[in-house]
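Report on one structure; see the data block that follows.
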Amino acid sequence: MYQSLRTFLLSNARCWDADCERSYQDLFRRLDTNKDGKVDVAELREGLKAMGIFRKGAAQKIVLSGDQNKDGSLDFNEFTKYLKEHEKKLLLTFKSLDRNNDGRIDASEIQQSLAELGMALSKEDALKILQSMDIDGTMMVDWNEWREHFLLYPGHNLEQIIRHWKHTSVLDIGDSLAIPDEFTEDEKRSDDWWKQLVAGAVAGAVSRTGTAPLDRMKVLMQVHSSKNNKISVIGGFKQMLIEGGVMSLWRGNGMNVLKIAPETAIKFMSYEQYKKLLSSDGKKIETHKRFMAGSLAGATAQTAIYPMEVLKTRLTLRKTGQYSGMFDCAKMILKKEGVKAFYKGYVPNLLGIIPYAGIDLAVYESLKNTWLSYHTKDSANPGVLVLLGCGTISSTCGQLASYPLALLRTRMQARASLDASDQPSMTSLMKTIVAKDGFFGLYRGILPNFMKVIPAVSISYVVYEYMKTSLGISK
């Protein structure tokens, strides 16, 4: 239904001659539902939905691009001028994809173009993208089909168009080891990049605060739970409430929230630098190199803020009255244990980045491609809810693989206050845990960790979307 409606509305607008005005006028009249001679964001958004175009923020971007008198809407002249200019840019992109200049784009040309942008694409996946644009069933896309598909999409160059496929990593579940988000050159030149980082940071802060009791329960179970001292989720919460009252459920959350800003900034800046170092021309980068850059950026950020990780663990485990605050905690650790205490557990933490980021990315791509293999009739864009689901599952799988290393890190951070002779190495600590509690002893505390995933992702997503609207990124 969506495809037929789009064809009906857009097919007559395939021209730049004198008749163009009439076809544009017909499209404008259909979008102008209140008949006031203008198309605003709300009307355009509803019109795009009616045509099966579910691109987040597309309506606002189109209006902002074409609104010359800044009245928040497009009159017919502004609408026509925007479409004509946009068509010219789309034609340039089409010609750059049409390698053999036969007026049509086939699967091999899509593969070759994406490969040059660092995206390895199989023949099957290229055909799926092609199928989403192909109207006449030839499995090739001509100019009219290309133009119809992207006419009401604000992006026009190839890099913007393939952003449908990028993995957005704004969801914060408390363990920020994923590969950083990427921004287009246009986004970097505008204010959007830092607004998105701010929106992600605020979403992460609210999400972590909302799930802090479960996070503290996880840490307590990682450090204190064993075969001889079993701690259940309900029993653990009762102990925390008896020992310190309701507010004790949020111990360590202040430091957990405080480290978001430096971690996000360092990861983003170092990711951009690593991409430049690993790419031949500073722009195009292959998939495996992008993964390497992301892992190195994660390692760099973790190295810089790791003392804050140690403080977060100590503050989470503290008893009532042990520290007066985070600065008192830092001062006491420095005085009694020295600088080395701030980097206890650093090695397992660093090693955990690779399996987490690698499995997260691999599972995400597999789930997304599986969904696309069954749902590519109308659009090659999976949509935000599908990407949200894929991101949740892939992140959970990544945590599952790296969890034993996270447990070792937490144990080593907590045991740093012991005498030097009582501080085991990573391997000896792992052997001790397995010997006493078995293999599943390495997964102590994973239940509250999994319990916080869905609420954390939900809170993060809602707050992120609200912040984007508040900051003017999308409406």
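The values are calculated or read from the model by the stated rules, or taken from the named source; none is laboratory data. Treat the numbers as computed from the prediction; the structure is a model and nothing was measured. With ideal geometry, Cβ positions are generated from the backbone for all residues, glycine too; neighbour counts draw on all protein chains shown. Note: areas computed on protein heavy atoms with side chains; ligands, DNA, RNA excluded. Shrake-Rupley method; radii C 1.70, N 1.55, O 1.52, S 1.80 Å.
The table that follows gives values for the structure above.
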item: Å² of accessible area per residue within segment 185-471, as computed with a 1.4 Å probe and no ligands counted; result: 48
item: Where labels lie 7 Å past Cα in the beta-carbon direction, separation of Asn101 and Phe76 in nm; result: 4.0
item: Cα coordinate range in segment 253-356, projected on the principal axes (Å, largest first); result: 55, 23, 22
item: Relative contact order of segment 185-471, defined on C-alpha pairs under 8 angstrom at six or more residues apart (%); result: 30
item: Computed magnitude of the charge dipole of segment 185-471 (debye, nearest 20; Cβ of K, R +1, Cβ of D, E -1); result: 920
item: Approximate spin-label separation Lys49-Thr33, in nm, with each point projected 7 Å along Cα-to-Cβ; result: 0.7
item: Ordering of 322-334, 63-75 by burial proxy (mean other Cβ atoms within 10 Å per residue, highest first); result: 63-75, 322-334
item: From phi via Karplus (6.51, -1.76, 1.60), per-residue ³J(HN,Hα) for segment 257-273 in Hz, x at Gly/Pro; result: 6, 4, 7, 4, 4, x, 5, 5, 5, 5, 5, 5, 5, 5, 4, 4, 5
item: Rounded to the nearest 20 debye, dipole of segment 221-325 from Cβ charges on Lys, Arg, Asp, Glu; result: 180
item: Equivalent-ellipsoid semi-axes of segment 185-471, from the Cα gyration tensor, Å, largest first; result: 34, 22, 21
item: Rounded percent of accessible protein surface that carbon and sulfur make up, segment 241-330, 1.4 Å probe; result: 67
